[in-house]
1. Given +1 on the Cβ of Lys and Arg, -1 on the Cβ of Asp and Glu, and no further charges, what dipole in debye does the chain carry about its Cα centre, rounded to the nearest 20?
2. Rounded to whole Å and sorted largest first, what semi-axes of the equivalent ellipsoid does the C-alpha gyration tensor of the stretch 174-294 yield via the square root of 5 times each eigenvalue?
3. Would you order VAL253, VAL148 from fewest to most other beta-carbon atoms within 10 Å of each residue's own beta-carbon?
4. Under a straight-distance cross-link criterion of Cα-Cα below 17 Å, which lysines are reachable from LYS160, leaving out those fewer than 8 residues away in the same chain?
5. How high is the relative contact order of the chain, in percent, with contacts defined as C-alpha pairs under 8 Å that are six or more residues apart?
6. With label points built 7 Å along Cα→Cβ from the Cα atoms of GLN255 and VAL181, find their separation and express it in nm.
7. For the chain, compute Rh as the Kirkwood radius over C-alpha pairs and then the Stokes-Einstein diffusion coefficient at 10 °C and 1.306 mPa s; write the answer in µm²/s, rounded to an integer.
8. Name the most mobile residue of LEU188, LEU229, LEU239, meaning the one with the largest mean-square fluctuation, in a Gaussian network model of the chain with Cα contacts below 10 Å.
Amino acid sequence: MQDDSLQAVVVGAGTMGTTLAKLMAAHNVQVTVVDTNPQVLDASRLSIGTHAAAIRFTTDLQSAGAPDFVIESVTENVAVKRKVVAQIEASVADTTVIMTNTSGIPIDDIGSAMRLPQRFVGTHFFNPADIVPAVEVVPGSHTEAAVVEEACRWLKRLGKRPAVLNTCVPGFVANRIQHAVMRECLSLLEKGVVEAEALDDIVQYSIGIRMALNGPLCQRDLNGLDTHLNIARYLYPDLEARQEPAALLEEYVAQGRLGAKAGQGFYRWSDESRTQHQARERENLQRIIEIAAQHSRRDEP
Ligand SMILES: NC(=O)c1ccc[n+]([C@@H]2O[C@H](COP(=O)([O-])OP(=O)(O)OC[C@H]3O[C@@H](n4cnc5c(N)ncnc54)[C@H](O)[C@@H]3O)[C@@H](O)[C@H]2O)c1
């Protein structure tokens, strides 16, 4: 099939499904969005705005037609995802590529009951999916190389920067790094080393701005690996290495402090401050992406 007539189905119309559908419609992919909750579909349509006119919204997966690929973006729960993937498999042709937008559940765990797991691949987008360029492409142990290649081709067609993992590990790359960073952040808060606002300032205006231009390995090359090794030698014994989530995080979630959507997390939020912040973030992310793309890349490894 020609790329011009690419057809896709997005299953799950929440935060990610909505921006995935927006991304696809903006790149002239004929997209159907499926969710079991009709109210979520209405909210998704509203949030997408002008591009929504070109998108089909339905609660019926069976009516999704003959897509080239389906991407599941339902709740991050392995049992729910397994069920949804089985429903997708029963609704589409054997040649349809099935992708999962899981944040880090091993691909084989989700695809364990699939009839044709060779056409199943992880494509982990980042929020908002219509803006953030990177997508982790994660093959399971049964995924065919041709499926990985096809997924990468479609992702490039959507303006993305697919990055393929050699092997699937829980959390993939991005969430392993994000959680390693957050384990240390929460530990520093719990120990009273620093207040939330100061911690955010330190990270955002030092490591953060530099990482927008250079990945961590490139950054270390620029700083010197010998210096990094000297610091690693004395620092690692003191870093947080616990195996359970921080008590502070458990406490906040138990209290309903779920972050901006609940009005309070590390900071207090109103509906207005959240909406304004997110709108500014979308605009400024585009600017950062442009600057990052202009910044000269290192030589090949
Ligand atoms: N939110 C993020 O920042 C982010 C980033 C990257 C990846 N992800 C991943 O994307 C996926 C979706 O996350 P989200 O944040 O959009 O979640 P969400 O809770 O906003 O949306 C999930 C949607 O799935 C729908 N759903 C549940 N069961 C369904 C079923 N059987 N059939 C159809 N729809 C069903 C729900 O009604 C809901 O609308 C998860 O796997 C998550 O880990 C999330």
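Readers should treat all values here as calculations from the given coordinates under stated rules, not as data from a laboratory. Being a predicted model, the structure only gives us computed values, none of them experimental. Every residue, glycine among them, receives a Cβ derived from its backbone with ideal geometry; neighbour counts consider all protein chains shown.
1. 280 debye
2. 27, 24, 11
3. VAL253, VAL148
4. LYS22
5. With pairs under 8 Å counted, the relative contact order is 11 percent.
6. 2.5 nm
7. 75 µm²/s
8. Ranking LEU188, LEU229, LEU239 by mean-square fluctuation puts LEU229 first.
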